[in-house]
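Asks: The structure under discussion is supplied below as structure tokens; questions concerning it will follow.
The values are calculated or read from the model by the stated rules, or taken from the named source; none is laboratory data. As the structure is a prediction and not an experimental result, all values here were calculated from the model. In this analysis, Cβ positions are derived from the backbone assuming ideal geometry, glycine residues included, and neighbour counts consider all displayed protein chains. Protein only, heavy atoms only, side chains kept; ligands, DNA and RNA dropped before computing areas. Shrake-Rupley method; radii C 1.70, N 1.55, O 1.52, S 1.80 Å.
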Amino acid sequence: MLYFSSFYMCLCCLFTWSVFLSASTHAACFLSSNDASATSRGDKLTWAVRLDPSQGSGRREELDALANELSDAAGLENRGVIGELKDHYLFVHMGDAHCHDEVRKTIHDLFTQHDSVRWFSEQKLLKRSKRSLHFNDPKYPLQWHLNNTRYPGMDINITGVWERNITGQGVTVVVVDDGVQHTNQDIQSNYNPEGSYDLNSNDPDPMPHPDKFSDNRHGTRCAGEIAAVPNNNFCAVGVAYGSRVAGIRVLDGPLTDSMEAIAFNKHYQINDIYSCSWGPDDDGKTVDGPHQLGKAALQHGVIAGRKGFGSIFVVASGNGGQYKDNCNYDGYANSIYTVTIGAVNEAGKMPFYAEECASMLAVTFSSGDRQMRSIYEDHFAAWETNGAGFSHSHQHGFGLLNAWRLTNAAKIWESVPYLASFVSPLLRENKNIPLDHSSLELSWNVTASDLLLSGMRTLEHVAVMVTITHPRRGNLQIQLFCPSGVSSLIGAMRNIDNDPSGFSDWTFSTVRCWGENAEGMYRLNVTDLGDGTLKNGIFQTWQLTLYGSSWTPEDVAKRRRLVELAQSGEFLNENYSLPCPPGLEISEQESYIITNNTLRTLMLLGCFAVFWSLYYTMELYLSRIANSKDLDLSCDVSPCIWTQHRTVPSPRQLEAGTETESLPLCGSKDTVLEGEEEEDDEDCSTVHRNHYNSNHIRENIASAGQQDIGKA
């Protein structure tokens, strides 16, 4: 991550999420529009289809034509490319709802058998819950998360950053939610229409559509918390009041995987930070996250978004703490492509509604009404220092966000190495999980030779994909131990999760091993904490994936010491800054990229074509010299066999002179004309006689053809 990238990642993520989960006491100021509209219905059948680009050159025009042919064959409407996923198309069936089952079977059979279809999936409605608290006072003096007078020091330490004119200027934060009321007095001046869109109504205006519950205000509140205009005698102050804010309306209607994919990449060269304060239900029993298209769009965004510096996706850990929920069961919080932020109250303690997990990066202040300011309850935050010297807590991540310290660190930040990864084989276990609360212990050793190809030395994220069958999923507890011995509770027990389906290729992740040596033994402990009355669960398969960099542990320690020095404030002045690179010019739809393997293959084919052309030319040249000078081409070792095309040319070809003669190739077999005998010991003089006979035959055919033409 370059300085420019890291600076805004640190600063703007803080600006965004110190308010998304903050005490939004000015929430009442940001109400949705009163314009009513019908909510779109989800009674259509839609399929996402990935086409095989190897059927042609892979160009966009060919893929579009292929998609049109496929949609015509299936009787579906082609809605075009899904966001920025160039070989993924969306097809829609607009027929009678009574025929849906028959249509599903027909389309499934067609797509399964079609050679151009690499992957397809019927789009299902996804259930996503908005994450927010209800706040009641819009005035700035009560925005204690920005300036806490009751508990001095218990805020995000932003005022000193503002004094140095660091307010988010030049950054656009897009709120992916139920819409943004951009006509609001505190939002209008900072609204960015170029980065906005309404995916529910398919138009550029993300204005919320009020429902009978007046519930479509969530996105507007978030936008106001980010970029509310200061000093206008209205409402409150946004934490990044110099930034611009856009809106993508997607949560006010049926939601599919393809819609999420479009939202995650919408205007991704305009929008820098994507605020996603929502996710699957925080009910203590749901296991869900982005599906295949959403995952691909997140990955594409962090690679190609923001002029190549990468889009920043910030998500909340969730509000299911009262149900003992855990954010490792939320695929958005669990993703390596998102920044997961949790919550603490104004005393710096974990409130009852907050979730914990091993994939949490940091926390910021939340809650704001009277009840939250006097919590009856706190979860003890157990801190553990890992092998790289970083302290992490399942409850608080790596700690509380501090604008002053983050901005200081961003001043000296330089690029880090590219992400490296290692994936173990799929480990098939098929072992019973004990019922007596003892653990099933599994392990996998990652050696230096395993990491050699990727160049990975130190860890960042560690992910474990598991498949487990169990009669009651919530009874399971899963712990991961990195080679240093640091433990991560990646799968917590959930009392109300009665699901009998277990886990199917579900990925847990942890950041608690960040900076540690990647080489060594990784251990997985699986425990059934039930009452022993149910059948054994079966641990079927698991796969370990490591993400990290080529930095050595010494490199990590050196950067940590530099950051700690910078956080003192030494570099937070206008006279010190590192050069900001301009970024890359990336179009909304990228051109086809040739991989290294493809390039090597093309080079080999090119070399072969050149060699074959030279050989063919030389043979042609020598044969014509021999024919014109009547040279004696006797063969001492092996006979020269004259290879001829025995297909008789048409009279029209002979008349036009377009027929070609065969070339003499030594060592090849001759195809004998009808009436002739094949002789293995035929010498070169015989070859010339055959050649003469062949020419003589052609002259006769040509003369016969001319006679036929004359008759015609």
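Asks: When the residues of segment 195-228 are narrowed to those that are out of contact with any Gly (no Cβ under 7 Å at 6 or more places or on another chain) and among the hydrophobic types (A, V, I, L, M, F, W, C), which ends up most open to solvent (accessible area, probe 1.4 Å)?
Replies: Selected residue: F213.
Asks: Scan segment 173-180 and give yes if some residue there is surrounded by fewer than 19 Cβ atoms within 10 Å (Cβ to Cβ) and either closer than 18 Å to I226 by Cα or out of contact with any His (no Cβ under 8 Å at 6 or more places or on another chain) (or both), otherwise no.
Replies: Keep residues of segment 173-180 that are surrounded by fewer than 19 Cβ atoms within 10 Å (Cβ to Cβ), which gives none.
There is no residue in segment 173-180 that is surrounded by fewer than 19 Cβ atoms within 10 Å (Cβ to Cβ) and either closer than 18 Å to I226 by Cα or out of contact with any His (no Cβ under 8 Å at 6 or more places or on another chain) (or both).
To keep it simple, each residue is scored yes or no on (1) within 22 Å of the chain's Cα centre (by Cα); (2) modelled with pLDDT under 95; (3) more than 27 Å from M456 (Cβ to Cβ); (4) open to solvent by 70 Å² or more (accessible area, probe 1.4 Å).
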{"position": "G537", "(1), (2), (3), (4)": "no, no, yes, no"}
{"position": "Q543", "(1), (2), (3), (4)": "yes, no, no, no"}
{"position": "L546", "(1), (2), (3), (4)": "yes, no, no, no"}
{"position": "T552", "(1), (2), (3), (4)": "no, no, no, no"}
{"position": "R561", "(1), (2), (3), (4)": "no, yes, no, yes"}
{"position": "L572", "(1), (2), (3), (4)": "no, yes, yes, no"}
{"position": "S577", "(1), (2), (3), (4)": "no, yes, yes, yes"}
{"position": "L584", "(1), (2), (3), (4)": "yes, yes, no, yes"}
{"position": "S587", "(1), (2), (3), (4)": "yes, yes, yes, no"}
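Okay, residues lined up against (1) at pLDDT 95 or above; (2) part of a helix (DSSP H, G or I); (3) under 21 Å from W162 (Cβ atoms); (4) small (G, A, S):
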residue	(1), (2), (3), (4)
D211	no, no, no, no
I262	yes, yes, no, no
S275	yes, no, yes, yes
P290	yes, no, no, no
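Asks: For a quick check of your reading of the model, give me the residue pairs whose first member lies in segment 549-565 and is more than 17 Å from S421 (Cβ to Cβ), whose second is loosely packed, with under 14 Cβ neighbours inside 10 Å, with beta-carbon atoms closer than 9 Å and at least 6 apart or on different chains.
Replies: V556/G389; A557/G389; R559/E414; R560/G389
Asks: Would you call R494 in contact (Cβ under 8 Å) with a residue 12 or more places away in the chain and either in a strand (DSSP E or B) or under 25 Å from the mean Cα position of the chain (by Cα) (or both)?
Replies: On the way: in contact (Cβ under 8 Å) with a residue 12 or more places away in the chain: yes; either in a strand (DSSP E or B) or under 25 Å from the mean Cα position of the chain (by Cα) (or both): no.
Taking the combined requirement at face value, the residue does not satisfy it.
Asks: Then there is this: Within segment 452-464, can you find the residues that are surrounded by fewer than 19 Cβ atoms within 10 Å (Cβ to Cβ) and of a type outside the set (G, A, S)?
Replies: Result: L452, L453.
Asks: Check whether at least one residue in segment 289-296 is aliphatic (A, V, I, L, M) and surrounded by fewer than 24 Cβ atoms within 10 Å (Cβ to Cβ), and report yes or no.
Replies: Filtering segment 289-296 for residues aliphatic (A, V, I, L, M) gives 293, 296.
Still in the list and also surrounded by fewer than 24 Cβ atoms within 10 Å (Cβ to Cβ): 296.
The answer is yes; a qualifying residue exists.
Asks: Ok, one more. Conditions: (1) part of a loop (DSSP other than H, G, I, E, B); (2) over 15 Å from C357 (Cα atoms). N319 meets all but one. Number of the miss?
Replies: Tallying (1) part of a loop (DSSP other than H, G, I, E, B); (2) over 15 Å from C357 (Cα atoms), N319 fails exactly one: (2).
Asks: What number of residues in segment 42-56 are without any contact (Cβ under 8 Å) to a residue 12 or more places away in the chain and more than 24 Å from the chain's Cα centre (by Cα)? Even if it seems obvious, please write down each step before you answer.
Replies: Step one: filter segment 42-56 for residues without any contact (Cβ under 8 Å) to a residue 12 or more places away in the chain, giving 54, 56.
From the residues that got through so far, the ones that are more than 24 Å from the chain's Cα centre (by Cα) too are 56.
Qualifying residue count, segment 42-56: 1.
Asks: Kindly indicate which of S509, S484, S501 is assigned to a strand (DSSP E or B) and in contact with a strand residue (DSSP E or B) (Cβ under 9 Å, 6 or more places away or on another chain).
Replies: On the way: S484 fails: assigned to a strand (DSSP E or B); S501 fails: assigned to a strand (DSSP E or B).
From the options S509, S484, S501, the qualifying one is S509.
Asks: So for segment 402-417 (the condition being on the phi > 0 side of the Ramachandran plot and modelled with pLDDT under 95), does at least one residue qualify? Give the derivation first.
Replies: If we filter segment 402-417 for residues that are on the phi > 0 side of the Ramachandran plot, which is where we start, we get none.
Within segment 402-417, not a single residue is on the phi > 0 side of the Ramachandran plot and modelled with pLDDT under 95.
To keep it simple, each residue is scored yes or no on (1) part of a loop (DSSP other than H, G, I, E, B); (2) without any contact (Cβ under 8 Å) to a residue 24 or more places away in the chain; (3) within 30 Å of P254 (Cα to Cα); (4) more than 31 Å from the chain's Cα centre (by Cα).
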position	(1), (2), (3), (4)
L126	yes, no, yes, no
H145	yes, no, no, yes
P152	yes, yes, no, yes
Q169	yes, no, no, no
V174	no, no, yes, no
G179	yes, no, yes, no
T183	yes, no, yes, yes
D186	yes, no, yes, yes
E194	no, no, yes, no
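Asks: Ok, one more. With the requirement that a residue be open to solvent by less than 10 Å² (accessible area, probe 1.4 Å) and within 21 Å of I248 (Cβ to Cβ), what does segment 271-288 give you?
Replies: Restricting attention to segment 271-288, the residues satisfying the condition of being open to solvent by less than 10 Å² (accessible area, probe 1.4 Å) are 271, 273-280, 284.
Of everything in segment 271-288, those that are open to solvent by less than 10 Å² (accessible area, probe 1.4 Å) and within 21 Å of I248 (Cβ to Cβ) turn out to be N271, I273, Y274, S275, C276, S277, W278, G279, P280.
Asks: In this structure, is S189 of a type in the set (G, A, S) and within 30 Å of C327 (Cβ to Cβ)?
Replies: On the way: of a type in the set (G, A, S): yes; within 30 Å of C327 (Cβ to Cβ): no.
So S189 fails the test.
Asks: Just one of the numbered conditions (1) in a loop (DSSP other than H, G, I, E, B); (2) within 22 Å of I496 (Cβ to Cβ); (3) modelled with pLDDT under 95 is not true of G348; which one?
Replies: (2)
Asks: Okay, next question. Run down A67, A73 and say which single residue is open to solvent by less than 20 Å² (accessible area, probe 1.4 Å) and within 30 Å of A48 (Cα to Cα). Don't jump to the end; show me each part of the working.
Replies: Values: A73 fails: open to solvent by less than 20 Å² (accessible area, probe 1.4 Å).
Residue meeting the stated conditions: A67.
Asks: Within the bounds of segment 136-143, is there any residue that is of a type outside the set (A, V, I, L, M, F, W, C), surrounded by fewer than 17 Cβ atoms within 10 Å (Cβ to Cβ) and in contact with a strand residue (DSSP E or B) (Cβ under 9 Å, 6 or more places away or on another chain)?
Replies: No: zero hits.
Asks: Could you list, in sequence order, the residues of segment 317-341 that are within 22 Å of I496 (Cα to Cα) and in contact (Cβ under 8 Å) with a residue 60 or more places away in the chain?
Replies: Pass one, segment 317-341, residues within 22 Å of I496 (Cα to Cα): 317-334.
Matches in segment 317-341: G318, N319, Y323, K324, D325, N326, N328, Y329, G331, N334.
Asks: Continuing with the same structure: Would you call K130 in contact with a Leu (Cβ under 7 Å, 6 or more places away or on another chain), at pLDDT below 90 and not hydrophobic (A, V, I, L, M, F, W, C)? Explain how you work it out, then say what you get.
Replies: On the way: in contact with a Leu (Cβ under 7 Å, 6 or more places away or on another chain): yes; at pLDDT below 90: yes; not hydrophobic (A, V, I, L, M, F, W, C): yes.
Here the answer is yes, as K130 does meet what is asked.
Asks: Right, next: Report the residue count in segment 477-513 for those that are touching a Leu at 6+ places or on another chain (Cβ under 9 Å), open to solvent by 20 Å² or more (accessible area, probe 1.4 Å) and within 17 Å of E356 (Cβ to Cβ).
Replies: Count: 5.
Asks: Counting only residues that are aliphatic (A, V, I, L, M), part of a loop (DSSP other than H, G, I, E, B) and either under 25 Å from M493 (Cα atoms) or at pLDDT below 80 (or both), how many does segment 351-391 have?
Replies: 7
Asks: Assuming F91 fulfils every condition listed in (1) assigned to a strand (DSSP E or B); (2) open to solvent by 40 Å² or more (accessible area, probe 1.4 Å) apart from one, which condition is it?
Replies: Of the numbered conditions (1) assigned to a strand (DSSP E or B); (2) open to solvent by 40 Å² or more (accessible area, probe 1.4 Å), the odd one out for F91 is (2).
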